[in-house]
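The values are calculated or read from the model by the stated rules, or taken from the named source; none is laboratory data. Please read these numbers as outputs of a predicted model, since none were measured by experiment. Here the Cβ positions follow ideal geometry from the backbone for every residue, glycine too, while neighbour counts run over all protein chains shown.
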Amino acid sequence: MEGRAQRVQGAFIEVDEARAVMNYIRANNDAYFDPEIEDLILNGPPPESAGIGFGDNDEARVNKASTDPYFVPILKWVVRDDNITRTVSISNVQRQFGLGFSRAGKIIDALCAAGYIGDNKGSKSRDVIATREQVESIYGE
């Protein structure tokens, strides 16, 4: 069988062609880097992430999540007037803001710890406790 051609299936792209495609993509698209993911890649997971739940670092983790740039916009979105059901879930936040499950979950937990939304009810959405007026008095419109 040596010396015989073998069948290869798939596209073959020269290195120069692949570079040209990558350069075109870089030149014509904005890059978005999630700071949390970048930090995780560069520094590894934080030591407190080994446990389940907040544990002893409850206040520190809530403070970190409440300083997330999405915390206030998500809070204002949660208490909006057209939220007829007055509920919110992690998947709602993921879809509306384009966030991953972990980040959306941390923000939802921080909103709960701050008293803006109710406790976890299993797979059901959480109740919104705060009103739009209360949130606007704290964070403005």
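Would you check which residues across segment 79-108 are β-branched (V, I, T) and over 16 Å from the mean Cα position of the chain (by Cα) and list them? Step through it out loud before you land on a result.
The initial filter retains those residues of segment 79-108 that are β-branched (V, I, T), namely 79, 84-85, 87-88, 90, 93, 107-108.
Matches in segment 79-108: V79, I84, T85, T87.
Give the number of residues within segment 54-76 that are at pLDDT below 75 and part of a helix (DSSP H, G or I). So that I can check it myself, show each step before the final result.
Step one: filter segment 54-76 for residues at pLDDT below 75, giving 54-66.
Imposing the further condition that a residue be part of a helix (DSSP H, G or I) reduces the set to 55-66.
Selection size over segment 54-76: 12.
Somewhere in segment 85-100, is a residue exposed (fewer than 11 other Cβ atoms within 10 Å of the Cβ) and at pLDDT below 90? Yes, because at least one residue in segment 85-100 is exposed (fewer than 11 other Cβ atoms within 10 Å of the Cβ) and at pLDDT below 90.
Residues that are modelled with pLDDT under 80 and either part of a loop (DSSP other than H, G, I, E, B) or small (G, A, S) (or both) within segment 13-53 comprise A31, Y32, F33, D34, G44, P45, P46, S49, A50, G51, I52, G53, listed in sequence order.
Within segment 101-121, how many residues are surrounded by 15 or more Cβ atoms within 10 Å (Cβ to Cβ), in a helix (DSSP H, G or I) and either in contact (Cβ under 8 Å) with a residue 60 or more places away in the chain or among the aromatic types (F, W, Y) (or both)? Total meeting the criteria: 1.
Take segment 72-101 and flag every residue that is over 21 Å from Y32 (Cβ atoms) and either in contact with a His (Cβ under 8 Å, 6 or more places away or on another chain) or charged (D, E, K, R) (or both). Passing the criteria: K76, R80, D81, D82, R86. Does R4 satisfy the condition of being surrounded by 10 or more Cβ atoms within 10 Å (Cβ to Cβ) and at pLDDT 75 or above? Taking the combined requirement at face value, the residue does not satisfy it.
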